[in-house]
Each structure stands twice: as C-alpha cells, then as structure tokens.
1. Give me the pairs, please: first residue somewhere in the stretch 163-179 and within 14 Å of residue 11 (Cβ to Cβ), second residue anywhere and at pLDDT below 85 and open to solvent by 50 Å² or more (accessible area, probe 1.4 Å), beta-carbon distance under 8 Å, and either six or more positions apart or on two chains.
2. For residue 92, state whether it is open to solvent by less than 30 Å² (accessible area, probe 1.4 Å) and within 23 Å of residue 154 (Cβ to Cβ).
3. Among the residues of the stretch 26-36, how many are surrounded by fewer than 16 Cβ atoms within 10 Å (Cβ to Cβ) and either in a helix (DSSP H, G or I) or hydroxyl-bearing (Ser, Thr, Tyr) (or both)?
4. Are any residues in the stretch 81-95 in contact with a Gly (Cβ under 9 Å, 6 or more places away or on another chain) and either aromatic (Phe, Trp, Tyr) or modelled with pLDDT of 95 or more (or both), and if so, which ones?
5. What are the residues in the stretch 64-79 that are in contact with a Leu (Cβ under 8 Å, 6 or more places away or on another chain), part of a helix (DSSP H, G or I) and open to solvent by less than 30 Å² (accessible area, probe 1.4 Å), if any?
6. Just wondering, is there one or more residues in the stretch 44-64 that are of a type in the set (Ser, Thr, Tyr) and free of Cβ contacts under 8 Å to residues at least 40 places away in the same chain?
7. Look through 45, 53, 23, 39 and report the one residue that is open to solvent by 50 Å² or more (accessible area, probe 1.4 Å) and in contact with a Leu (Cβ under 8 Å, 6 or more places away or on another chain).
Amino acid sequence: MHSIPTWQWALVLVLLIAVITDLRSHRIYNWLTFPAMGLGLLLNLVMGGLPGLFSSLAGAGLAAVVFLLLYLFAKMGAGDLKLMVAIGTWLGYPLIVPVMIDVALAGGIISLIFALRYGALWPVLRNLYYFLLAMFTPGAKPESVLAKSALPPFPYGVAIAAGTLCAMLYPRLLTFTGG
C-alpha cells in the first residue's frame, strides 16, 4: 500500500463529500468541484513550480477530454465530469491515466452490483451486448434495440472516488503501469 502525501488528503475529503452528495441527491455540486480545481492548480504550482502547474493542467485537460465524451455520449453527469477534472488538477499528468483506468474498472464492477441489486442484471447485459454489436456494425443504431431501464440514476461519483482512492493507495494494483 502506498501512502497518500499530506497535501492530497484534501482531495480525499473532496471525494468523500462528492460520494455523500451523489448518493443523497444524485448531484456533485459546483461549490465542491470548482474550488477543488483551483486548489489543485494552486498546490501543484506551489509544490512543483511551473512544471507542477503544467502537469496539473495536462491532467485536467486529459480528464476533461475523456469525460466530456462520456458526458456527451454515455449520459454521464456534468458533476462527474467536473469531479474528474478536479482530480486531474490534483494528481496531474501522467498520474491521471491510471486513475481513469481504475475509475472505469470500479464503475464497471459497481454498475454490475447496482444492476444485480435492482434485479436488472440481464437487461443491462443484453443492452451492453447490443451496444457493443452496434459499435462494430456500420450503420447500426443501438437505441432501436436497447431495453428501457427501470434503474434509478447510477451514482458514478462512488466509482470515481473508489477508482481514485485505489489508484492513490495501490498504484499498481488495478492499473496497467507495470512495475
């Protein structure tokens, strides 16, 4: 297990608050994410000078690009997007890469548990099959075959927090960084 640097414990607090608000109201608020972004940029500038700031901006930019696509095409919430950008400012590039991999893995595992909990595992797996089939079939439209979901909104902030903490505490456990 890897220890979290003292200055990153504030990020852990941000993740905890995001989980609580996402579970309670299905929202991750701007009053949490925007100050976290600013503090992440500032701390990286103070701790690492201009290279730290550039790393922070690159981490935020990469997270923004990847999660903007998920926001636009996979119905991810804007709060999830902004939380990932905030994480990118704190951890910077290249550390945001294994975080995003761990967040995706945590999201997949938690979503399967979520679907199982609500008795919708088979419709979810069926939708996944047809979605993947449509991705690799030219001209196919997955919306025409997907079953409507009766699931409540999925609190992806939980997966973001779990994946980020896993990457911070166990940097080589679920990542493909080698070592």
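1. 163/174; 166/173; 166/174; 167/174; 168/2; 169/1; 169/2
2. Details: open to solvent by less than 30 Å² (accessible area, probe 1.4 Å): yes; within 23 Å of residue 154 (Cβ to Cβ): no.
Criteria not met by residue 92.
3. Looking only at the stretch 26-36, we keep the residues that are surrounded by fewer than 16 Cβ atoms within 10 Å (Cβ to Cβ), and these are 26, 29-31, 34-35.
Right, trim to either in a helix (DSSP H, G or I) or hydroxyl-bearing (Ser, Thr, Tyr) (or both) and you get 29-31, 34-35.
Total satisfying the criteria: 5.
4. Applying the first criterion (in contact with a Gly (Cβ under 9 Å, 6 or more places away or on another chain)) to the stretch 81-95 yields 83, 85-95.
83, 85, 86, 87, 88, 89, 90, 93 - these are the residues of the stretch 81-95 that are in contact with a Gly (Cβ under 9 Å, 6 or more places away or on another chain) and either aromatic (Phe, Trp, Tyr) or modelled with pLDDT of 95 or more (or both).
5. To start, the set of residues in the stretch 64-79 that are in contact with a Leu (Cβ under 8 Å, 6 or more places away or on another chain) comprises 64, 67-68, 70-71, 76.
Within this subset, residues satisfying the condition of being part of a helix (DSSP H, G or I) are 64, 67-68, 70-71.
Within the stretch 64-79, 67 is the sole residue that qualifies.
6. Here is the first cut: in the stretch 44-64, the ones of a type in the set (Ser, Thr, Tyr) are 55-56.
After this cut, where a residue has to be free of Cβ contacts under 8 Å to residues at least 40 places away in the same chain as well, the list is 55-56.
Looking for residues that are of a type in the set (Ser, Thr, Tyr) and free of Cβ contacts under 8 Å to residues at least 40 places away in the same chain, one finds at least one in the stretch 44-64, hence yes.
7. Among 45, 53, 23, 39, only 45 is open to solvent by 50 Å² or more (accessible area, probe 1.4 Å) and in contact with a Leu (Cβ under 8 Å, 6 or more places away or on another chain).
Yes/no per residue for (1) loosely packed, with under 14 Cβ neighbours inside 10 Å; (2) at pLDDT 85 or above:
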{"residue": "104", "(1), (2)": "no, yes"}
{"residue": "110", "(1), (2)": "no, yes"}
{"residue": "129", "(1), (2)": "yes, no"}
{"residue": "138", "(1), (2)": "yes, no"}
{"residue": "146", "(1), (2)": "no, no"}
{"residue": "156", "(1), (2)": "no, yes"}
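The values are calculated or read from the model by the stated rules, or taken from the named source; none is laboratory data. Predicted, not measured: the structure shown is a model, and the values here were computed from it. Neighbour counts are summed over all protein chains in view; Cβ atoms, including those assigned to glycine, are modelled from backbone coordinates with ideal geometry. The area values use the complete protein model at the heavy-atom level, side chains included, leaving out ligands, DNA and RNA. Shrake-Rupley method; radii C 1.70, N 1.55, O 1.52, S 1.80 Å.
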